[in-house]
Amino acid sequence: MQINAPYVSLTGGLVPKAAPVAQAGDGTLQVEADYIDLGGWLNLQRWANADFTSRGDIRFDAPPNLAYANGIERAGLLFSTGNLQFQAAQIYPPSDDHFVVDANASGIKDASGQALSTTVTVLPNGSSTAPLSAGGALLISADHIEQGGTLRVPSGTLVLGVSDPVAQAA
C-alpha cells in the first residue's frame, strides 16, 4: 500500500486493555509526504515493512487525549512485528512528549521455523534546523538499529535499544 500526500498524520487509538497476539505480515506500507506526524498507539502488525519518507520532518507525538487518558501519563507507541524505515531531514518528539518505536517480532517464526528479526533504519533526507521542541523522549527498540539520519530530542532523552521499551518509557 502506498500513501503520497503533502502532509500525512497517522494517529492510533487508546491503549489496549490486553496485549494483542503478535501477527506477522508480508506486505509493505510506504508513506511519502512533505511532513509526517505519527502519534498515539499505532499498531503496524501484519506489515513485513513500513517505510516513512518525508521531504521535511517526521514527528512522533502523543496527543493529550491519549497521553493522559484516565489521568495517567502514557508514552505514544508505534509497534510493528516487521521492519521500519524512516527517512527525513530530522526526526523528533514534540515538547514533553514521550514516544516509543518498537519493532519486535515477538517470537514469530518464518516458514522454515527460524525466529524473525526486526530492523529500524533511520536515513537522512536533506538539511534541518533544531525543532522548537524540548524535554521530550524517544525510545527506539529493534533487533537491529541502523542510525544514519538526524534524531533530535533537545533537552530530552534519546534511547536506542532497550529490552522492554514500553516499561522503559513509563
Checklist entry - Quick one: would you say residue 57 is more than 20 Å from residue 119 (Cα to Cα) and either at pLDDT 90 or above or surrounded by 14 or more Cβ atoms within 10 Å (Cβ to Cβ) (or both)? => result yes
Checklist entry - Counting only residues that are part of a loop (DSSP other than H, G, I, E, B) and touching a residue at least 60 places away in the same chain (Cβ under 8 Å), which one in region 75-103 is surrounded by the fewest Cβ atoms within 10 Å (Cβ to Cβ)? => result 89
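In the list 42, 116, 66, which residue meets the criterion of being in contact (Cβ under 8 Å) with a residue 12 or more places away in the chain and within 13 Å of the chain's Cα centre (by Cα)?
Answer to the check: 42.
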Checklist outcome for this item: Picked from region 4-44 (must be more than 20 Å from residue 124 (Cα to Cα) and β-branched (Val, Ile, Thr)), the residue modelled with the highest pLDDT is 28
Checklist entry - Does residue 130 count as open to solvent by 60 Å² or more (accessible area, probe 1.4 Å), more than 12 Å from the chain's Cα centre (by Cα) and more than 15 Å from residue 84 (Cβ to Cβ)? => result yes
Item to check | Residue check, residue 149 closer than 22 Å to residue 32 by Cβ, open to solvent by less than 30 Å² (accessible area, probe 1.4 Å) and in a loop (DSSP other than H, G, I, E, B) | outcome: yes
Checklist entry - Just checking, how many residues over region 46-69 are within 24 Å of residue 151 (Cα to Cα) and either of a type in the set (A, V, I, L, M) or not in a strand (DSSP E or B) (or both)? => result 10
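The values are calculated or read from the model by the stated rules, or taken from the named source; none is laboratory data. Bear in mind the structure is a predicted one, so any value in this text is a computation, not a measurement. All Cβ positions, even for glycine, are placed from backbone atoms using ideal geometry, and neighbour counts span all protein chains on display. Heavy atoms of the whole protein, side chains included, go into the accessibility calculation; ligands, DNA and RNA do not. Shrake-Rupley method; radii C 1.70, N 1.55, O 1.52, S 1.80 Å.
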